[in-house]
């Protein structure tokens, strides 16, 4: 899917971050990474019963978190018919948001995190450029997002009840390294906020950097 807003002066596309890990050149590092990005396959994890996340007094094992992600993927895929290249805007806090980007990325859907501190006047122009298919929002903070044109608006409480009980069973959608994964907005300190493109390659390089150190 083509999004003309990305090529506009207000939303310049960034170049991939260059990494040099363990003395490697950027080109050598890229050759170690796969051309296509594998989807989440927790059955290959050696310890699926180990804790993956901790939030307040709750712990989530890898297999439990994966099931939550698969259920969210089923909702995005079967429930809302989202496809690779569609965009989903995430405008809520850290805890309930966490499974959503994993689910979207596994389907090749572009993730756009959205600050919950933006006021209505500030957000309307940005949402217009993003052109999301789905808006996930916190109605107690940004209730006006429910009126986003040409998008399915889903509040936090609705999302928690909507995720399909049966997880997605088919393989994740194949994505390439140069496919867009995330659009992050700058702070706009020298002008209007700009949408910076983060590719799946950028994410792979960042993950690899963490595992190497």
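The values are calculated or read from the model by the stated rules, or taken from the named source; none is laboratory data. Remember, predicted model here, so these are calculated numbers, not experimental data. Here the Cβ is made from the backbone with ideal geometry for all residues, glycine too, and neighbour counts use every protein chain on show.
Brief remarks on what is shown
- Number of residues in region 70-99 that are under 16 Å from residue 166 (Cα atoms) and in contact (Cβ under 8 Å) with a residue 40 or more places away in the chain: the value is 11.
- Residue within region 141-148 that is in a strand (DSSP E or B), without any contact (Cβ under 8 Å) to a residue 24 or more places away in the chain and touching a strand residue (DSSP E or B) at 6+ places or on another chain (Cβ under 9 Å) present: no
- Hits in region 176-188 - residues which are within 15 Å of the chain's Cα centre (by Cα) and farther than 10 Å from residue 201 by Cβ: 180, 182, 183, 184, 185
- Condition met for residue 67 (farther than 28 Å from residue 186 by Cα and modelled with pLDDT of 85 or more): yes
- For residue 165, the stated conditions hold: it is touching a helix residue (DSSP H, G or I) at 6+ places or on another chain (Cβ under 8 Å) and modelled with pLDDT under 90.
- Enumeration of residues in region 103-113 that are in contact (Cβ under 8 Å) with a residue 40 or more places away in the chain and closer than 20 Å to residue 155 by Cβ: 111, 112, 113
- Pairs, first in contact (Cβ under 8 Å) with a residue 12 or more places away in the chain and on the phi < 0 side of the Ramachandran plot in region 124-138, second buried (at least 23 other Cβ atoms within 10 Å of the Cβ) and assigned to a helix (DSSP H, G or I), C-beta under 6 Å, six or more apart: 135/145; 137/145
- Here residue 107 meets each of (1) within 12 Å of residue 89 (Cβ to Cβ); (2) within 15 Å of the chain's Cα centre (by Cα) with one exception, condition (1).
- Of all residues in region 110-122, those being crowded, with 20+ Cβ neighbours inside 10 Å and more than 17 Å from the chain's Cα centre (by Cα) number 0.
- Those residues of region 140-155 which are more than 14 Å from residue 128 (Cα to Cα), surrounded by 14 or more Cβ atoms within 10 Å (Cβ to Cβ) and either at pLDDT below 85 or over 20 Å from the mean Cα position of the chain (by Cα) (or both), in sequence order: 141
- For region 156-179, the criterion of being out of contact with any strand residue (DSSP E or B) (no Cβ under 6 Å at 6 or more places or on another chain), surrounded by 12 or more Cβ atoms within 10 Å (Cβ to Cβ) and free of Cβ contacts under 8 Å to residues at least 40 places away in the same chain is met by at least one residue.
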